[in-house]
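Enquirer: The structure's right below; bear with me while I get my questions together.
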There are 2 protein chains.
Amino acid sequence: MRVLILGGDGYLGWPTAMNLSVHGHEVAVCDNYLRRRLCREQDSEALFEPPNLHQRARRWAEVSGHEVAVRIGDLCDWAFIDALFAEFQPEAVVHYAEQPSAPYSMKDRHTATVTFQNNLMATFNVIQAMKAHVPDAHLVKLGTMGEYGTPNIDIEEGFLEIEHKGRTGKFLFPRAAGSLYHTTKVLDTDLLWFYVRMWGLTVTDLMQGPVYGLETDENEGHPDLYPFLNYDEIFGTVLNRFVVQAVAGYPLTVYGKGGQTRGYLNIRDTLQCIRLAIESPAPKGELRIFNQFTETFSVNQLAEIVRASGERLGLDVEVKSLPNPRKEMEEHYYNPTHTGLMELGLEPNLLTDAVIDRLMRAVMEHRDAIDHDRIFRGVKW
Amino acid sequence: MRVLILGGDGYLGWPTAMNLSVHGHEVAVCDNYLRRRLCREQDSEALFEPPNLHQRARRWAEVSGHEVAVRIGDLCDWAFIDALFAEFQPEAVVHYAEQPSAPYSMKDRHTATVTFQNNLMATFNVIQAMKAHVPDAHLVKLGTMGEYGTPNIDIEEGFLEIEHKGRTGKFLFPRAAGSLYHTTKVLDTDLLWFYVRMWGLTVTDLMQGPVYGLETDENEGHPDLYPFLNYDEIFGTVLNRFVVQAVAGYPLTVYGKGGQTRGYLNIRDTLQCIRLAIESPAPKGELRIFNQFTETFSVNQLAEIVRASGERLGLDVEVKSLPNPRKEMEEHYYNPTHTGLMELGLEPNLLTDAVIDRLMRAVMEHRDAIDHDRIFRGVKW
């Protein structure tokens, strides 16, 4: 299948490109290096700087024999995205192309504006480009479990049957996100749902939890094909951050009571989920929503997992609670469904001792590159 | 109270300015004439061209003795809105400043982009400007009943208590709008709800139905203070359009079966509602939502009301069903609550024979100005 990956330079974008190309798909990636630029601006660069997309594609072709086409440009620029879709005529589009950091989106007015404009206009233009060039293609959009927030009721997969005063209806599951970044994804879902109903677009919206990990089947043994590993407060996700903190001898930064519970998944499972969604597309003209994670942990549980791994590897890991810089519930009900991707065939890579120890060891090889000043920044909201 | 009206040149903006100034408020209006420009671009100008905002403000000062400050600029331009809020320090902000046409938003990619960018960025910048300058001010935002769509359950005022698998929660009422314009207002509500929760903004979001009418207490006898009356398919709302069609001898354009039911209100009641919302503000840090309409009609009922009025006034009014150019239900359940504004003291001006006849007579004075080519345009979605 011809697959166009938007945001192909990202933490998940490049690993997805390699994975899909190995599995027989014709892959093109597009990016404008926004994330690299924002990380530099915030002095929050990743643990190591991956080669640029053209270099990665050449290296991947040497290693695997698979070609990945590279196009550099901004999806908010209609002339660029119009030409991109006209040229590539994708059968499936994977849309990762968003500013992905909650703290960045909450830092100040400028960073909020960048997030809001980029994420909304990218999604809007993707919809318009699909309508113009490939109205029957399948859009696989990365949403987030954060769209739902932490409601007091069980979280279903995207939709909810509601009974009210003796009548019933089926609606998008109510959403109340905890950052502007997450809220842009709520707005994306609203917009996609509208154009699915109006134009019969075919969309899978994947409500993904925080991802951890570095290695995939494709990049094992090839560190120059590893994705970004951000460990800073702004662009790092919690488990990756904790691992780097443990290796650096920096106390694990638990916010408040640490009872914040989310659904997590291994980067290998992100790749499985994307491929399953592409190879078993949503029914034509429908919005299909999956909750994309494999197991739930509280922040305290993650800290304990990392501490225990450190102990096995001879590291002395301290855990420290900080006053919570975010407005969020520190103890709450959390019971999200996640059966849709399992039914498609997802075989979870759970967070075993072996998995966390291997990630810790990979990070230990970069111990000297860790900049302690990047770890805590105190972005408050 | 110091009130800043955003979109002060519009159909409702200018009448609101006059009304609030009569009732003792210190009023400033802001507009960038976007609607006038779009109407000209679409060859869809109103029945008569009102004077510009500076001229209207001077005329109003002559007539009433009340000063209304005028600022011209684009709310999507941060430098402009920043200076506007810094200068005026409003205690209440009325936000009408959006591209208001559903057909315009669905016409083509360009018009969709204008709608999406303008409406979302205006609301985003209003939120940021309030945070920066007047975090305790009250934002009165114009939403639309169209945010809800036509669900199969009773429509409550903004929020819904949901019971699911034995647990309960209170959520925004689910929404599924019928045009991109209406969808931008869904996104506005999501964004406002987020910043209310995060920053404690104080917001009243008014889910308004289609408005009809021309005269208010302030402009009676002063046609140069009348608002726009658009009668074209793109910028005209249904009852105003039907009245002009009746006067022009153009068959009333009912789309499909004509069972589409909505909640309507007189322009005089819009002014009452805005004033009630300002003078009885939402509780600090809360999002208050009211459904703003006074009575529901199907399109067939509106056509019959206009036909009967024509008969009383000696006009021969024909009603004609056209194939529906829109994707919408032509027969559906519709039972929206609207008690909040009544409890604040709203005294409805219902659509009596006298009211419709008076509107017909006002339009008859402009009969020669009606351009038949503007009435039907065939914007499909």
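FYI, it's all coordinate maths here, none of it is from the lab. Predicted model, so just to flag it, every value in this text is computed and none were measured. Neighbour counts are summed over all protein chains in view; Cβ atoms, including those assigned to glycine, are modelled from backbone coordinates with ideal geometry.
Enquirer: Every other copy gets compared here: list the nm distances from the A:E163 label point (7 Å along Cα to Cβ) to its counterparts, shortest first, one decimal.
Expert: Counterpart label points of A:E163 in the remaining copies fall at 0.9 nm.
Enquirer: A further question follows. Averaging sequence separations of C-alpha pairs under 8 Å and six or more residues apart, then dividing by the length of segment A:195-336, give the relative contact order as a whole percent.
Expert: 37 percent
Enquirer: For the residue pair B:E62 and A:K327, what label-to-label distance in nm results when each label sits 7 Å from Cα along the Cα-to-beta-carbon direction?
Expert: Result: 4.8 nm between the two label points.
Enquirer: Once you list every other residue whose beta carbon is under 15 Å from the beta carbon of A:T204, what net charge do they have if Lys and Arg are +1 and Asp and Glu are -1?
Expert: Combined, the nearby Lys, Arg, Asp and Glu give -4.
Enquirer: Of A:K141/A:K284; A:K107/B:K284; A:K165/B:K284, which ones are farther than 19 Å apart at the Cα?
Expert: Violating the 19 Å Cα-Cα cut-off are A:K107/B:K284; A:K165/B:K284.
Enquirer: Okay, next question. As a check on your grasp of the helix formula, calculate [θ] at 222 nm for the protein assembly as shown: sum -39500 (n - 2.57) over DSSP H runs of n ≥ 4, divide by the residue count, round to the nearest 500.
Expert: When only DSSP H runs of four or more count, the value is -12000 deg cm²/dmol.
Enquirer: What are the label-to-label distances in nm, one decimal and shortest first, from A:Y333 to the same spot in the other copies, with labels 7 Å along Cα to Cβ?
Expert: 2.5
Enquirer: Between the DSSP loop rule and a limit of at most 12 other Cβ atoms within 10 Å, which GluC sites (Glu not before Pro) in segment A:165-252 are left?
Expert: A:E220
Enquirer: With both bridge residues required to lie in the protein assembly as shown, what share of the DSSP beta bridges run antiparallel, to the nearest 5%?
Expert: 20 percent
Enquirer: Below 17 Å, Cα to Cα, which lysines can A:K320 reach? Residues fewer than 8 away in the same chain don't count.
Expert: A:K320 reaches A:K257.
Enquirer: Continuing with this model, one more query. Could you tell me which trypsin sites (Lys or Arg not before Pro) in segment A:140-226 are loop residues by DSSP with no more than 12 other beta carbons within 10 angstrom of their beta carbon?
Expert: A:K165
Enquirer: Hey, can you grab everything whose amide H is under 5 Å from the amide H of A:Y334? Only 5+ residues off in sequence or another chain; H modelled, so Pro and N-termini drop out.
Expert: Result for A:Y334 returns nothing.
Enquirer: Counting Lys and Arg as +1 and Asp and Glu as -1, each charge on the Cβ, what is the dipole of segment A:147-279 about the Cα centre in debye, to the nearest 20?
Expert: 620 debye
Enquirer: Sticking with this one: In a shell of Cβ-Cβ distance under 15 Å around B:G285, excluding B:G285 itself, what net charge do Lys and Arg (+1) and Asp and Glu (-1) give?
Expert: That works out to +2.
Enquirer: Going by C-beta contacts inside 10 Å, put A:L84, A:L139 in order with the fewest on the left.
Expert: A:L84, A:L139
Enquirer: Quick one: what are the phi-derived ³J(HN,Hα) couplings along segment A:101-109, Karplus 6.51/-1.76/1.60 with θ = phi - 60°, whole Hz, x for glycine and proline?
Expert: Working through the residues one at a time gives 10, 5, x, 4, 5, 9, 5, 7, 5 Hz.
Enquirer: Moving on. Please work out whether segment B:1-147 counts as rounded, prolate or oblate from its C-alpha gyration tensor, where a ≥ b ≥ c are the square roots of the eigenvalues and a/c under 1.5 means rounded, while otherwise a/b larger than b/c means prolate and anything else oblate?
Expert: Judged from the Cα gyration tensor, segment B:1-147 comes out oblate (a/c at least 1.5, b/c at or above a/b).
Enquirer: Taking the label point as lying 7 angstrom from Cα along the Cα-to-Cβ axis, what are the distances from B:D82 to the corresponding position in the remaining copies, in ascending order and in nanometres?
Expert: 3.2
Enquirer: Using a Förster distance of 45 Å, how high is the FRET efficiency between B:R40 and B:W199, based on the Cβ-Cβ distance and rounded to 0.05?
Expert: For R0 = 45 Å, the calculated efficiency reads 0.70.
Enquirer: Same structure again: Counting other beta carbons within 10 Å of each residue's own, what order do A:C76, A:C39, A:C273 fall into, fewest first?
Expert: A:C76, A:C39, A:C273
Enquirer: Work out the FRET efficiency for A:F48 and B:R2 from their Cβ-Cβ distance, taking R0 = 51 Å, and round it to the nearest 0.05.
Expert: The pair A:F48/B:R2 has a calculated efficiency of 0.40.
Enquirer: Measure off 7 Å from each Cα along the Cα-to-Cβ vector at A:D82 and A:D154, then give the distance between these two points in nanometres to one decimal.
Expert: 4.9 nm
Enquirer: What is the minimum Cβ-to-axis distance for chain B, in whole Å, where the axis maps B onto A, and to which residue does it belong?
Expert: B:L187, 2
Enquirer: Using the 10 angstrom Cβ neighbour count as an exposure proxy, how do A:Y250, A:Y181, B:Y333 rank, fewest first?
Expert: Ranked by crowding around the Cβ, least crowded first: B:Y333, A:Y250, A:Y181.
Enquirer: Then there's this: Averaged across the residues of B:148-157, what count of C-beta atoms belonging to other chains lies within 10 Å of each residue's C-beta?
Expert: Per-residue shielding by partner chains comes out at 3.
Enquirer: Relative contact order for chain A using alpha-carbon pairs under 8 Å, separation at least 6, rounded to a whole percent?
Expert: 20 percent.
Enquirer: Filter the trypsin sites (Lys or Arg not before Pro) in segment B:277-343 down to the DSSP loop ones having no more than 12 other Cβ atoms within 10 Å, then list what survives.
Expert: B:K284
Enquirer: Can you bin segment B:104-144 into rounded, prolate or oblate? Criterion: square roots of the alpha carbon gyration tensor eigenvalues sorted a ≥ b ≥ c, rounded for a/c under 1.5, prolate for a/b above b/c, oblate for the rest.
Expert: Because a/c hits 1.5 or more and a/b fails to exceed b/c, segment B:104-144 counts as oblate.
Enquirer: While we're looking at this one, here's another question. In percent, what relative contact order does segment A:142-270 have, based on Cα pairs under 8 Å that are 6 or more apart in sequence?
Expert: 24 percent
Enquirer: Amide H of A:Y264: which non-local residues (sequence gap of 5 or more, or other chain) have their own amide H closer than 5 Å, using H built in the peptide plane?
Expert: When sequence neighbours closer than 5 places are left aside, the close amide H contacts are A:T294, A:E295, A:T296, A:F297.
Enquirer: To check you understand DSSP bridge types, tell me what percent of the beta bridges within segment B:225-381 (both residues inside) are antiparallel, rounded to 5.
Expert: If I count the DSSP bridges inside segment B:225-381, around 50 percent turn out antiparallel.
Enquirer: What is the sum of charges around B:K327, taking Lys and Arg as +1, Asp and Glu as -1, for the other residues whose C-beta is under 15 Å from the C-beta of B:K327?
Expert: Counting the neighbours of B:K327, the net charge comes to +3.
Enquirer: Ok, one more. For a test of the definition: using alpha carbon positions, the gyration tensor, and the 1.5 limit on a/c, classify segment B:237-368 as rounded, prolate or oblate.
Expert: Taking the square roots of the gyration eigenvalues as a ≥ b ≥ c, segment B:237-368 is oblate.
Enquirer: Name the aspartates and glutamates eligible as straight-distance cross-link partners of B:K380: C-alpha to C-alpha under 13 Å, and not fewer than 8 places from it in the same chain.
Expert: Cα-Cα hits under 13 Å: B:D108, B:E233, B:E328.
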